[in-house]
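Asks: My questions all concern the structure below.
The values are calculated or read from the model by the stated rules, or taken from the named source; none is laboratory data. In this text, all values refer to a predicted model and were calculated from it rather than measured experimentally. The protein model used for the area step is the full one, side chains on, heavy atoms only, and it has no ligands, DNA or RNA in it. Shrake-Rupley method; radii C 1.70, N 1.55, O 1.52, S 1.80 Å.
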Amino acid sequence: MSEPTVLHQKINLPYRYTAGDFHKAFLYGLADRRIVGSRCPACLTVAVPARPFCPECSAHSGETMDMKPQGTLETWSTATIRGVTRTYGLIRIGGADTLMLHIVDAEPSALEVGMELVPRWSPEPVPEITAIAAFVPA
């Protein structure tokens with residue numbers, strides 16, 4: 001049996017993301033320093049970020065809504081990628097039934113499940129997830 005041939009290469013894959021109404025509401029909300037979710041009219045699940053369909057029952061989301069600008073840390077993990085160590089947390093934004101993944105800027109030893117976090121907004125208000133630089137302890 002011969003050795004497998006392994007080719008190492010980089011592939012440049014340009015793309016364009018076209019946001020729908022619910023994703024636009026979330027992204028433009030971030031530019032205004034607001035967190036926008038959506039509420040399902042069928043089962044009343046509140047999702048953050050806002051989504052066009054309910055993650056629980058798949059019904060079309062009925063409305064967007066402004067959320068409380070804080071969240072609760074549910075769990076976290078610290079990873080070193082290309083020499084940069086970051087902590088990523090699953091955060092339940094106040095009033096939401098779903099979790100949002102984002103960077104948590106705090107010493108991992110200081111983190112606790114259930115602690116309150118608030119967004120640290122980036123200096124430049126942009127309609128992208130980087131409008132929240134990180135979540136920090138309240």
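Asks: How many percent of DSSP beta bridges within the chain run antiparallel, rounded to 5?
Replies: Details: 29 of 30 bridges.
Just about 95 percent of them are antiparallel.
Asks: Between C57 and T130, 0.36 nm times their residue separation minus their Cα-Cα distance comes to what?
Replies: On the way: separation 73, 0.36 × 73 = 26.28 nm, distance 2.94 nm.
Once the chain is fully extended between C57 and T130, it gains 23.3 nm.
Asks: Follow-up. Within the range 20-137, what whole-number % of the accessible surface is contributed by carbon and sulfur, with the 1.4 Å probe and all protein chains included in the calculation?
Replies: On the way: 3380 of 6350 Å².
Looking at the range 20-137 in its full context, I get 53 percent from C and S.
Asks: Just to confirm, what accessible area per residue do you get for the chain at 1.4 Å probe, in whole Å²?
Replies: Values: 9090 Å² over 138 residues.
Normalised by residue count, the accessible surface of the chain is 66 Å².
Asks: Here's another thing I want to ask about it. Note the listed values [x] 194; [y] 141; [z] 151, then indicate which one is volume of the Cα convex hull per residue in Å³ calculated from this particular structure.
Replies: Working out volume of the Cα convex hull per residue in Å³ from the coordinates points to [x].
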